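FYI, it's all coordinate maths here, none of it is from the lab. Fair warning: this is a prediction, and the values are worked out from it, not measured in the lab. Ideal geometry is used to build each Cβ from the backbone, glycine not excepted, and the neighbour counts take in all protein chains shown.
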Amino acid sequence: MAQTSAPDQPLAPIPPLTPLPPIERLADQAQRELFDAAAGSVPKNDGPVVSQSGRKTTFSALPGEDPSAWKSDELRKLAVMEVSFGGAVETVMFVLHPQDAPQTVSNFLDNCETGAYNGLAFHRAIEGFIVQTGDPLTSDEGARERWGTGGEEKTVPAEIKRKHRKGAVAMGRRSDSVNPGRRSNGFQFYFALGNFGSLDGKYTVFGQVVSGLETLERISKMPVDSNDCPVARIEIKSLKVLDQKGPLQEPVRDTGDGRKYTKPAAAKGFFERFLERVW
């Protein structure tokens with residue numbers, strides 16, 4: 001008997017393809033998850049506790065640098081740096097010390113006023129030691145191999161007075177062999193993540209972190225290449241310096257970590273001010 005073929009079966013309908021999210025969104029999500037995961041290994045009592053609700057950033061200050069204890073008649077220079085990473089924005093604040101490093105602070109103010117730091121990346125991150133940024137070359141991803149060498153055409157005289165305690169902000173510079181006067185690089189600066197007496201007397205310290213040290217510690221834990229440069233781009237969205245008179249005292253709801261304060265009104269964007277009015 002001739003072999004017959006099986007009757008044709010109706011094919012199941014093919015479900016429509018679900019469009020994939022943009023690759024940038026996937027990358028941002030992965031980077032953010034990695035950044036958040038690092039928070040669990042950062043000591044909670046060593047620096048400011050940063051919390052975010054929507055777009056509102058609050059903080060509790062480092063011991064000895066409590067903004068609520070600043071005298072009402074004192075005027076301070078307060079740098080507010082917004083760091084963009086993984087689709088989110090973190091806030092780091094540090095007070096400047098023009099009384100100890102006047103030329104360095106003046107140069108830093110000039111850089112901020114011209115927007116020189118906006119859009120630059122963190123090009124060095126060493127866990128438990130430092131994170132560094134400010135190299136003009138980091139605006140160009142194609143120049144990654146030369147990151148860390150930019151800004152050398154502009155220098156500032158050494159003003160070495162303050163010590164490297166945790167949260168110190170200092171200028172980078174070239175080595176003693178080519179820079180015996182220890183002049184600072186005109187742009188690059190770094191944050192010390194511990195008390196490092198070995199750096200004292202060698203670099204110009206011109207500021208001190210009062211909020212966001214925990215964010216900097218998380219940056220230091222990110223994967224890096226052979227040059228200690230973070231693999232994922234961590235960028236300065238904006239960096240401005242404000243005249244802050246008196247203490248920072250804008251209490252918000254206590255989350256159990258003690259008193260909290262928001263950043264100065266002059267440093268808040270439109271949406272932050274809007275959310276505060278709404279909520």
Do the alpha carbons of any pairs in Lys166/Lys202; Lys71/Lys166; Lys161/Lys237; Lys77/Lys163 sit beyond 27 Å of each other, and which pairs?
Lys161/Lys237
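Between Lys161 and Asn179, what is 0.36 nm times their sequence separation minus the Cα-Cα distance? Round to one decimal in nm.
Details: separation 18, 0.36 × 18 = 6.48 nm, distance 1.82 nm.
Using 0.36 nm per residue and subtracting the Cα-Cα distance, I get 4.7 nm.
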Apply the Karplus parameterisation 6.51 cos²θ - 1.76 cosθ + 1.60, with θ equal to phi minus 60°, to every residue of the range 119-125 and state each ³J(HN,Hα) to the nearest whole Hz, in sequence, with x for glycine and proline.
x, 8, 9, 6, 10, 8, 8
Amide H contacts under 5 Å for Lys161, placed H, 5+ residues apart
Val205
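Identify the trypsin sites (Lys or Arg not before Pro) of the range 68-154 meeting these criteria: DSSP loop state and at most 16 other C-beta atoms within 10 Å of the C-beta. All intermediate terms of the calculation are to be shown ahead of the outcome.
Values: sites: Lys71, Arg76, Lys77, Arg124, Arg144, Arg146, Lys154; in loops: Lys71, Lys154.
Sites meeting the loop and neighbour criteria: Lys71, Lys154.
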For Leu120, enumerate residues with amide H under 5 Å from its amide H, sequence gap 5+ or separate chain, H modeled in the peptide plane.
Ile236
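Can you give the FRET efficiency to the nearest 0.05 for Lys202 and Ser68, using r as the Cβ-Cβ distance and R₀ = 30 Å? Display every interim value, and only then the final one.
On the way: r = 33 Å, r/R0 = 1.10.
The computed FRET efficiency comes out at 0.35.
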